[in-house]
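Quick notes on the structure that follows.
The values are calculated or read from the model by the stated rules, or taken from the named source; none is laboratory data. Predicted model, so just to flag it, every value in this text is computed and none were measured. With ideal geometry, Cβ positions are generated from the backbone for all residues, glycine too; neighbour counts draw on all protein chains shown. Quick note on the areas: whole protein, heavy atoms, side chains included, nothing else; ligands and nucleic acids left out. Shrake-Rupley method; radii C 1.70, N 1.55, O 1.52, S 1.80 Å.
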Amino acid sequence: MCGIVGFTGKQNAAPILLEGLKKLEYRGYDSAGIAVAQDGVISVSKVSGRIANLCEKTEDGKTLPGFSGIGHTRWATHGAPTDVNAHPHMSCDGRFSVVHNGIIENYMALREELTANGYTFSSQTDTEVIVHLIEMYYHGDFKEAVMRATSRLTGSYALGVLCADCPGKIIAVREASPLILGIGVGENFFASDVTALVAYTRNALYLDDGEFAELTSESITVYDCTGAVIHKPVSRITWSIEAAEKGGYEHFMLKEIMEQPCAVKTALAPRVHENHVQLDDFSYTAEELRSIRKIVITACGSAYYAGCAGKYAIEKLCHIPVDVQLASELRYGEPQIDSDTLLIVLSQSGETADTIAAMKECQSLGARTLAIVNVVGSTIAKLADHTLYTWAGPEIAVATTKGYTTQLSVLYLFAVYAAHTMELLPEQEYVRLIGELQSIPKKIQQVLDMNTALPQLAKKYNSGHSVFYIGRNTDYAVALEGALKMKEISYIHAEAYAAGELKHGTIALIDEGQSVIALCCNSRIAEKTMNNIVEVKARGAQVLALAVKGNRAVLAQADDVIYIPDLDPLFQAVVEIVPLQLLAYYVAKENGCDIDKPKNLAKSVTVE
Ligand code: AGP
C-alpha cells in the first residue's frame, strides 16, 4: 500500500531517502515525505502529489541535513491525500517521527484515549496514534517506548521510527506488512520493498511478524516481540529491479491476485470488533434503514459485476429489493428514484465518468448515497453522503482483481450490518455470518494454494475462439465477472449465461470442442447447473466445472473440476472468482498477451 524507507550512515540521509522513494513510485502514491534527525532535532518535509515536488521543496534533500532519516510514499486510506495527512508524523513534543505502512485497526479507540490524555492530533490518519503512544511511553528508553506502543496496536504495520534523543539510530518494526533491512558498509537501510534497496546493497535481513530492529550505521540488532535479541540469516537479493517491483511475480495482475487474502482482510478486519460489525462512515439507525424502500447499485464493468454478486446477500438478509444498474444506462434512463432510495455506488478508482454522472442524476432525484471506493478523496468518495473505503491498496494491472473482491467484501459487510441493525438477524445467525466473513481471507488463500493445475487447465480450455461461462444465482454473477476477465486480458470472446437460459437459444452455439466453464458452487442450485453440464456435453462441449470441495457428483459430469472451500453461499462469490481470475491470467499468458496493459483499455475510464 504505502512505501517506507529508512537510512542511517555517514552521509546525508535525505538524498538517499528521496532516491529510495523514487524507486517506490511504481506502487502508486498520492503524497510523500521525509524526516531527518540532526543535533537532537528532527526536521520534516512532506507534500501532497509527486516526489518531484518533495525534491524541489527540499532542494534534493539539501535543506534537511543529517545522517539518519525515514521516508514515506502514502496511498491514502484514512484521511484525504493532503500535506497534513502525509507521513512522517511527529509526536507533540517533536521528539519522535514515524512512517507507517499498513492499517491500525484499533486506531479510533486509541485516538480517544490519547486525546483524553492531552495529546493533540494534527492529521486524520490512523498512523498518528503510533507516534503519540511512543511519546506517552517514553521515559528515556527509545526501544522500550516503541515496544510498549506497538503492543497496544492491532492491525498491520511496518514502521520506521526516529528519536531526536538517539542520533544515528532508527527502529524498524514489522507486523503483517513487508519490511526488509538492507546491510551496507558503514550504513544500513530499511524498506518496505527491495526495489528501494538494490541500488545500495543486495545483502538483506527479512523481519518476521512481531520482530523489530535497531539500526545504526555500524550495526543492526534484531529483537523478537519480548525484546530478546535474535539472529537472522543474511539473504542475497537476486531480483532485478523489474522483478522486484512485481514482488517476484511476472505481472502485476498475478501479484494483485495473490494479494487478495491480505486485501480482503484489510477491508473486513477493522470493521469487525468483538463479533460486531461497525461501518466507519455509515451508521444509519434502524429507523433510517427501515425507511429505505429500494437499494439501487450502480457501477461499470467489474464493479457492476461486484454489485450483481452482492445483491443476493443484501436482498436475502435485509429484505430490501436491490436493483443493479449499469451506470452508463442509468444516467440516461428514467430511474424511479427518490429519497427512499439508497444508491450504492461502487468504484475502484472513484473517477469513472459514467458512474459519476449516474450518481449525480440519482442525487438530483433525492437518493441517499453510499460509495464503496478504493481511492481516498476521489470524486465519487467526495460526492457521496457516506463512503466506505475498500482499502485494497493501489491496483496497477488494468484488469481489476483485488478491487472486485474488496468491493464485494464491503457489500457483504453492509448487508450483515444493515440486517442486524434492523433486527432481522437473530444474534446467533449474526455471529455465524460474521465468522463466515472472517474466514474469507483464509479461504481465498486456500484457493490460491490448492489449484496448482490451473496453468495446465488454461492450456486445455484455451480454445482460441470462445468460452462460455454458465451458472445460476450467485454462480451466474461470478460467471459474468469471470467472462469479463477472460475477454479483457486474453482477447478471447467469452460469454456468461444464466445456465437456465441455455435452452432458450444459446445452446445452438455449443459444438464439438466448445469450452464451457460451469459454475456449480451455490449448493441451493448447483444440481440444476450440473444438469446443464450434461446438456452441453451431449453436444460435444468440454466442460471445466467449479464446485465446492466434497461435491463428488460433479466429477462424473464435467471433464475437469476446480474445487473451492466451503463457505455460506451468500458470500461464496468472493472466493469463487479467484480461480477464474487465474484461469484468464494463464490463458492470456499462453496467448502472449500484454496482461497488465490490455489493448484498448485504460485503468480509469474518466471519459464517457
Ligand atoms: C475491470 O477489470 C475493468 N478494468 C473495468 O471493468 C473496471 O472495473 C470499470 O472500468 C470500473 O472502474 P472503477 O471501479 O474504477 O469505477
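Just a few scattered comments:
- LYS528 open to solvent by 50 Å² or more (accessible area, probe 1.4 Å) and either among the hydrophobic types (A, V, I, L, M, F, W, C) or in a loop (DSSP other than H, G, I, E, B) (or both): no
- Of the listed requirements (1) of a type in the set (Val, Ile, Thr); (2) under 14 Å from GLN260 (Cα atoms); (3) open to solvent by 50 Å² or more (accessible area, probe 1.4 Å), VAL447 misses just one: (3).
- Test: residue in the range 489-506 that is in a helix (DSSP H, G or I) and under 23 Å from the mean Cα position of the chain (by Cα): yes
Quick grid of which residues meet (1) part of a loop (DSSP other than H, G, I, E, B); (2) modelled with pLDDT under 95; (3) buried (at least 20 other Cβ atoms within 10 Å of the Cβ):
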| residue | (1), (2), (3) |
| --- | --- |
| GLY540 | yes, yes, no |
| ALA558 | yes, no, yes |
| PHE571 | yes, no, yes |
| ILE577 | no, no, yes |
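- Scan of the range 257-303 for residues that are charged (D, E, K, R) and closer than 17 Å to ALA392 by Cβ, ordered by number: GLU259, LYS265, ARG271, ASP280, ASP281
Let's see how each residue does on (1) within 16 Å of the ligand (Cβ to nearest atom); (2) assigned to a helix (DSSP H, G or I); (3) in contact with a Pro (Cβ under 9 Å, 6 or more places away or on another chain):
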{"residue": "GLN407", "(1), (2), (3)": "yes, yes, no"}
{"residue": "VAL416", "(1), (2), (3)": "no, yes, no"}
{"residue": "ALA419", "(1), (2), (3)": "no, yes, no"}
{"residue": "GLU429", "(1), (2), (3)": "no, yes, no"}
{"residue": "GLN445", "(1), (2), (3)": "no, yes, yes"}
{"residue": "ALA458", "(1), (2), (3)": "no, yes, no"}
{"residue": "LEU480", "(1), (2), (3)": "yes, yes, no"}
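- Number of positions in the range 30-54 that are within 25 Å of the chain's Cα centre (by Cα) and on the phi > 0 side of the Ramachandran plot: 1
- Qualifying position, being under 19 Å from TRP391 (Cα atoms), of a type outside the set (D, E, K, R) and open to solvent by 70 Å² or more (accessible area, probe 1.4 Å), among GLN438, GLN456: GLN438
- Applying the criterion of being within 29 Å of the chain's Cα centre (by Cα) and β-branched (Val, Ile, Thr) to the residues of the range 189-246, the residue that is modelled with the highest pLDDT is VAL198.
- Qualifying residue in the range 302-311 (condition: outside any helix (DSSP H, G or I), open to solvent by less than 50 Å² (accessible area, probe 1.4 Å) and out of contact with any His (no Cβ under 9 Å at 6 or more places or on another chain)): no
Yes/no per residue for (1) open to solvent by 10 Å² or more (accessible area, probe 1.4 Å); (2) without any contact (Cβ under 8 Å) to a residue 12 or more places away in the chain; (3) more than 26 Å from GLY227 (Cα to Cα):
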{"residue": "ILE51", "(1), (2), (3)": "no, no, yes"}
{"residue": "GLY94", "(1), (2), (3)": "yes, no, no"}
{"residue": "GLU105", "(1), (2), (3)": "yes, no, no"}
{"residue": "GLU112", "(1), (2), (3)": "yes, yes, yes"}
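- Each residue in the range 4-43 was checked for being assigned to a helix (DSSP H, G or I) and either free of Cβ contacts under 8 Å to residues at least 12 places away in the same chain or open to solvent by 10 Å² or more (accessible area, probe 1.4 Å) (or both), and 8 pass.
- Scanning the range 586-608 for residues that are within 16 Å of ILE257 (Cβ to Cβ), away from the ligand (no atom under 11 Å from the Cβ), assigned to a loop (DSSP other than H, G, I, E, B) and not acidic (Asp, Glu) gives CYS593, ILE595.
- Filter result for ILE314 (assigned to a loop (DSSP other than H, G, I, E, B) and modelled with pLDDT of 95 or more): no
- When SER31 is tested against (1) at pLDDT 95 or above; (2) more than 23 Å from GLY182 (Cα to Cα), exactly one condition is not met: (1).
- Residue in the range 312-320 that is open to solvent by 70 Å² or more (accessible area, probe 1.4 Å) and either more than 16 Å from the ligand (Cβ to nearest atom) or not small (Gly, Ala, Ser) (or both) present: yes
- Among the candidates VAL548, VAL574, VAL543, VAL534, residue that is hydrophobic (A, V, I, L, M, F, W, C) and within 16 Å of the ligand (Cβ to nearest atom): VAL574
- Here is the figure for the range 242-268: residues that are open to solvent by 60 Å² or more (accessible area, probe 1.4 Å) and either of a type in the set (Asp, Glu) or within 19 Å of TYR200 (Cα to Cα) (or both) total 2.
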